[in-house]
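Below you'll find the structure, written out as structure tokens, and then a few comments.
The values are calculated or read from the model by the stated rules, or taken from the named source; none is laboratory data. The structure presented is a predicted model; accordingly, all values stated were derived computationally and were not measured. Using ideal geometry, Cβ is built from the backbone for each residue, glycine included, and neighbour counts are taken over all protein chains shown. Just the protein is used for accessible areas: all its heavy atoms, side chains included, with ligands, DNA and RNA removed. Shrake-Rupley method; radii C 1.70, N 1.55, O 1.52, S 1.80 Å.
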Amino acid sequence: MSVHALIHVLLDEADLIDELRDAVVEQRETVKSGDYVAMQDLMKHIQDIFFHVQTQEAQRMRLADSAAKEFGCEPRLSALSQVIPEEERALFKGAGERLGHCIFALKSEMAILSSLIEQNERFGAMLLSEWRRLDTGFMRSGGLDFRG
């Protein structure tokens with residue numbers, strides 16, 4: 001098992017997660033603007049990236065399991081970084097830390113987007129309720145009289 005292959009996979013996954021985060025940020029801006037077509041395109045793009053992230057994650061898990069068996073430890077960054085050869089340790093830790101930071105940044109952006117969507121949903125429901133109330137009141141009063 002090559003530690004370099006695992007490092008490469010960690011960095012590739014981090015790149016994909018950065019790309020996914022960028023798409024989520026773009027999606028947040030699209031929610032604000034209300035561009036339906038752009039939102040559909042972004043949703044497809046995000047699905048495509050997510051598929052690639054899942055594929056990369058599966059490969060990372062296979063390589064980590066293989067390395068763990070080879071070195072006799074658990075397939076976690078902390079365990080592997082203690083037993084891999086010294087000359088690869090710094091690169092391995094750096095790649096793992098970068099992946100961790102990317103995941104944290106993605107989760108943060110997703111939380112912001114989720115909050116924005118929930119807020120839009122509440123505002124939409126509030127506006128709809130108010131319009132229904134006004135419409136009902138308007139219809140009961142017989143409408144407005146615009147005669148002089």
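Just add up the charged neighbours of Arg62: K/R +1, D/E -1, any other residue whose Cβ is under 13 Å from the Cβ of Arg62.
Working: positive: Arg60, Lys69; negative: Glu13, Glu57, Asp65, Glu70.
Within the 13 Å Cβ shell, the charges total -2.
Protein chains only, probe 1.4 Å: how do Phe104, Phe50, Phe71 rank by accessible area, largest first? Please list the in-between numbers first.
On the way: Phe104 145, Phe50 100, Phe71 60 Å².
Final ranking, largest accessible area leading: Phe104, Phe50, Phe71.
Under a straight-distance cross-link criterion of Cα-Cα below 26 Å, which lysines are reachable from Lys44, leaving out those fewer than 8 residues away in the same chain?
Partners found: Lys32, Lys107.
Any idea what the relative contact order of the chain is, in percent, if you count C-alpha pairs under 8 Å spaced at least 6 apart?
Details: 101 pairs, mean separation 50.5, N = 148.
Across the chain, relative contact order equals 34 percent.
Counting each DSSP H run of 4 or more residues in the chain as -39500 (n - 2.57), what helix-only mean residue ellipticity at 222 nm follows after dividing by all residues, to the nearest 500 deg cm²/dmol?
Numbers: 4 runs with 129 residues, N = 148.
Mean residue ellipticity at 222 nm (helix-derived): -31500 deg cm²/dmol.
Which one, Phe92, Leu63, His45, projects farthest toward the positive side of the charge dipole computed for the range 2-148 from Cβ point charges (K/R +1, D/E -1)?
His45
Pop the C-beta distance of Ser108 and Ser81 into the FRET formula with R0 = 35 Å and round what comes out to the nearest 0.05.
Values: r = 25 Å, r/R0 = 0.71.
Rounded to the nearest 0.05, the efficiency is 0.90.
Determine the gain in length on full extension of the stretch Gln47-Met126; use 0.36 nm per residue of separation and subtract their C-alpha separation, reporting nm with one decimal. Numbers along the way, then the final one.
Values: separation 79, 0.36 × 79 = 28.44 nm, distance 3.12 nm.
Stretched fully, the Gln47-Met126 segment lengthens by 25.3 nm.
Take the solvent-accessible surface of the protein heavy atoms, probe 1.4 Å, and return the percent of it on the chain that carbon and sulfur atoms account for. Numbers along the way, then the final one.
Numbers: 5870 of 10170 Å².
Reported share for carbon and sulfur atoms: 58 percent.
Charges only on Cβ, +1 for Lys and Arg, -1 for Asp and Glu: so what's the dipole of the range 16-148 about the Cα centre, in debye to the nearest 20? If you can, show how the numbers build up before the last one.
Numbers: 17 positive and 22 negative charges, 118 e Å.
In debye, rounded to 20, the range 16-148 gives about 560.
Calculated from the structure, Rg and Dmax of the Cα atoms in Å equals which of (1) 17.9, 71; (2) 25.1, 92; (3) 15.8, 48?
Answer label, from the structure shown: (2).
Kindly rank 72-81, 85-94 from highest to lowest mean number of other beta carbons found within 10 Å of each residue.
Working: 72-81: 14.6, 85-94: 12.8.
Order by mean packing, descending: 72-81, 85-94.
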